[in-house]
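Everything below concerns the one structure shown next.
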Amino acid sequence: MAATHSAVSAEVGRRIAQFRSKAGVSARALAECADMDLTNYQRIERGKGNPTVSTLLQIATALEVDVGELVTGLDSDDLQNGRYPYGYSEISTRRRSRAIY
């Protein structure tokens, strides 16, 4: 079995599963409503996928919730280890490469 993609993916998947359970809808029915393959949907719900914004919007639409409810409250501390984003205002002190921004 594949490991969870990241803490963010796991939390988003948990929220999706919670909304689906609350609605009393099967994974198969939800995947169909979201116009998704069942296997792909299940991977996302289990936190083993890294869905795009478009995919999250498809799922949120099927769940009849705002897409923001799937990600609200998540922040950079929840990202996968090794990811250290920072605000653009810090670019002059934390530049990682010689790329022009």
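Throughout, read-outs are computed from the coordinates displayed, never taken from laboratory work. Fair warning: this is a prediction, and the values are worked out from it, not measured in the lab. Heads up, the Cβs are rebuilt from the backbone with ideal geometry, glycines too, and the neighbour counts pull from every protein chain shown.
Structure notes:
- Taken along the Cα-to-beta-carbon direction at a fixed 7 Å, the label points for V53 and D78 span 1.7 nm.
- Fully extending the segment from K22 to E64, taken as 0.36 nm per residue of separation minus the present Cα-Cα distance, adds 14.0 nm.
- For G47, nonlocal amide neighbours, meaning residues 5 or more places apart or on other chains whose placed amide H falls under 5 Å from its own, are G13.
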